[in-house]
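Working notes for the structure below.
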Amino acid sequence: MRKALRWLLALTVLIGTLSTAGAATAAQPEATGTAASADTDIKDRLLAIPGMSLIEEKPYTGYRFFVLNYTQPVDHRHPSAGTFQQRITVLHKDTSRPTVFYTGGYSVSTTPSRREPTQIVDGNQISMEYRFFTPSRPEPADWTKLDIWQAASDQHRIFKALKPIYGQKWLSTGGSKGGMTATYYERFHPRDMDGVVAYVAPNDVVNNEDSAYDRFFGHVGTKECRDKLNAVQREALVRRAPLEKKYAAYAADNGYTFTTTGSLDKAYEAVVLDYVWGFWQYSLLSDCDTIPADAAHATDDAIWDSVDTISGFSAYTDQGLADYTPYYYQAATQLGAPTIHFPHIEKKYIRYGYQPPRNFVPRSIPTKFQPWVMRDVDTWVRHHADHMLYVYGQNDPWGAERFRFGAGAHDAYVFTAPGSNHGARVAGLVDDEKALATARILEWAGVASATVQANPSAARPLAKYDAKLDRHDVEREPALRP
């Protein structure tokens, strides 16, 4: 999952703001009367939690938004062995509303935002920064304590700390690596959440068997679009010498270095080989019009600009990799990573092929892959999933290997949004599936009206769309990063 970078204690009864299940509730931004005093006091209640401290509060109409640090054990198996500060944010609406627990699997944004399930249920939102993403990194960093169980244990402790304040139903959600994170949390702590909504979550069960991706790239979109993309990718390798000169000048101008990858040449090929994947991950079929139509006769600048726009030539520099070391470490130890082939490019032009994630982790950090970890998660999801919903994009490469349900799964769904990319959402599903998904989310959150319970096609998000709060670009991690 590499580049295209460039995406508390006792529950107080609120007199006068009681809500009816299925009806949106407006938060009271001003302190008036008994109900508002509880809302005003929410900061004190949060900060009364042992280990919780305030970084800042940011205003947003109808909400309280807090950026906080929470003290976590470096090793949940040995809590006395040291701690670190983990950033979380709280988008507070009302303690009488359900709560959505969100993680993107990377760093946390400190700008108020609302994920789709939060809008659907008109609820509160807790967002967590994934351990080892700065600044939520232990010092010194013991990388052996970065695994999916430790991260799920982080979420479990946060939930246990906040549940006495936010006492209504909880849902977990996340997109891409965040969708994977929500899944792993459910696998290890299945009694915490009342439902899971995971978006575009890859599921690399067998790390060295990736033929599903090759089949995907042979059929995605249209032949015309595939041919244009393949031609530009090939041409960028045919013109390796002049374009690498341009790359060297670009790196020198920006102070970029290549110690982790080992050479500019390896970094260049990695960027170019991400090109087709990056397009389908972040673009739509209609964007094919922006791809050079005749790659063989395009200028060097046209080839460079197209690759840079989609893959980004800074991605595999030391500076571009630094913030994503925790991801690459996890891919090299537990998550796995795809390997795809390039039948449209002659072998003489490819020197390294898709490089393994180990190549993007500094050599000072040891890695050893654990092939049983993803098999365990996949088996659990297939046979024990309950109140889980996955949304994938039809044209998103990451959906080629996805979560599926088998015998034993209950009230669990996998939906595909037609024509969508890595930004697939419930809102992009066909009408009947969109209504069903929305109805199940409302039901799991405990806010489905009697009308919706009787007729799921009547389900609609409870909160109105907010252009600032709900506007999200595609989860913008580098391609070949989920």
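The values are calculated or read from the model by the stated rules, or taken from the named source; none is laboratory data. Note that the structure is predicted; figures quoted are calculated from it, not measured. Quick reminder, even Gly has a Cβ in these numbers, built from the backbone with ideal geometry, and neighbours come from all protein chains shown. The accessibility values were calculated without ligands, DNA or RNA, using every heavy atom of the protein model including side chains. Shrake-Rupley method; radii C 1.70, N 1.55, O 1.52, S 1.80 Å.
Odds and ends about this structure:
- Qualifying positions in segment 305-323 - surrounded by 22 or more Cβ atoms within 10 Å (Cβ to Cβ) and among the hydroxyl-bearing types (S, T, Y): S306, S311, Y316, T317
Yes or no, residue by residue, for (1) under 17 Å from R115 (Cα atoms); (2) in contact with a Leu (Cβ under 7 Å, 6 or more places away or on another chain); (3) modelled with pLDDT under 95:
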site	(1), (2), (3)
A437	yes, yes, no
E443	no, no, no
S449	no, no, no
N455	no, no, no
Y465	yes, no, no
A479	no, no, yes
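- For segment 403-424, the set of residues classified as surrounded by fewer than 17 Cβ atoms within 10 Å (Cβ to Cβ), within 23 Å of R187 (Cβ to Cβ) and not aliphatic (A, V, I, L, M) consists of R404, G406, G408, H410, D411, listed by residue number.
- Residue match in segment 207-228 (condition: open to solvent by less than 10 Å² (accessible area, probe 1.4 Å), part of a helix (DSSP H, G or I), on the phi < 0 side of the Ramachandran plot and touching a Gly at 6+ places or on another chain (Cβ under 8 Å)): no
- Unique match (being within 26 Å of A445 (Cβ to Cβ), touching a helix residue (DSSP H, G or I) at 6+ places or on another chain (Cβ under 8 Å), assigned to a loop (DSSP other than H, G, I, E, B) and at pLDDT 95 or above) among G104, G22: G104
- Of the residues A236, A302, A267, the single one that is farther than 17 Å from I345 by Cα, at pLDDT 95 or above, in a helix (DSSP H, G or I) and open to solvent by less than 30 Å² (accessible area, probe 1.4 Å) is A267.
- Segment 312-330, residues that are under 18 Å from the mean Cα position of the chain (by Cα) and not aliphatic (A, V, I, L, M): D323, Y324, T325, P326, Y327, Y328, Y329, Q330
- Lone qualifier among S96, S109, S136 - being open to solvent by 10 Å² or more (accessible area, probe 1.4 Å), in contact with a strand residue (DSSP E or B) (Cβ under 9 Å, 6 or more places away or on another chain) and either assigned to a strand (DSSP E or B) or among the small types (G, A, S) (or both): S109
- Inter-residue pairs, beta-carbon under 8 Å, first more than 12 Å from H387 (Cα to Cα) and assigned to a helix (DSSP H, G or I) and in segment 437-462, second at pLDDT below 95 and of a type outside the set (F, W, Y), 6+ apart: A450/G22; T451/G22; V452/G22
- Residue that is most open to solvent (accessible area, probe 1.4 Å), among those in segment 139-163 that are of a type outside the set (D, E, K, R) and closer than 15 Å to T333 by Cβ: T144
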